[in-house]
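Okay, structure first, notes after.
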Amino acid sequence: MKFEAMARAGALAVVLAASLSACSSKNERAFVGGCVGMGGSRENCSCAYEKVQATHKLDDIHFGEILGTEQHRRIQAAFAKALIECIKDNGL
């Protein structure tokens, strides 16, 4: 009985994760994933992405094409600043 409940819960978690990731863009998954990988909380990393997305329209950018450019550096700086703001607002 416990195994069946655990299996159902695991299946539900997979479905939820897939549906949540389907709603986010490739750039959002990359930014948030990289941020979390560097130790940020998912909440703060997502918050920072949303702040930067509002001003830089990240979903429309092909980062392979701007890597190393001034635009890329501005976005990185904006993300770092937004992350600090989100940490101040939400805590670690």
For Ala78: the one exception among (1) modelled with pLDDT under 95; (2) surrounded by 14 or more Cβ atoms within 10 Å (Cβ to Cβ): (1)
Given (1) open to solvent by less than 40 Å² (accessible area, probe 1.4 Å); (2) part of a helix (DSSP H, G or I); (3) modelled with pLDDT of 80 or more, number of the condition Gly40 does not satisfy: (2)
Residue list for the stretch 43-69, filter: open to solvent by less than 100 Å² (accessible area, probe 1.4 Å) and over 17 Å from Ser25 (Cβ atoms): Asn44, Gly68, Thr69
Selection status of Val52, at pLDDT 90 or above and touching a Cys at 6+ places or on another chain (Cβ under 9 Å): no
Neighbours by Cβ (under 6 Å, 6+ apart or cross-chain): first from the stretch 47-61, within 15 Å of Ala77 (Cβ to Cβ) and without any contact (Cβ under 8 Å) to a residue 60 or more places away in the chain; second open to solvent by less than 30 Å² (accessible area, probe 1.4 Å) and small (Gly, Ala, Ser): Ala48/Ala82; Lys51/Ala82; Val52/Ala78; Val52/Ala82
Cross-chain or 6+ apart pairs with Cβ under 8 Å, the stretch 25-36 first and closer than 19 Å to Asp60 by Cβ, then among the aromatic types (Phe, Trp, Tyr) and outside any helix (DSSP H, G or I): none
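The values are calculated or read from the model by the stated rules, or taken from the named source; none is laboratory data. Just so it is clear, the structure is predicted and the values come from calculations on it, not from any experiment. Cβ: placed from backbone, ideal geometry, glycine included. Neighbour counts: every protein chain shown. Quick note on the areas: whole protein, heavy atoms, side chains included, nothing else; ligands and nucleic acids left out. Shrake-Rupley method; radii C 1.70, N 1.55, O 1.52, S 1.80 Å.
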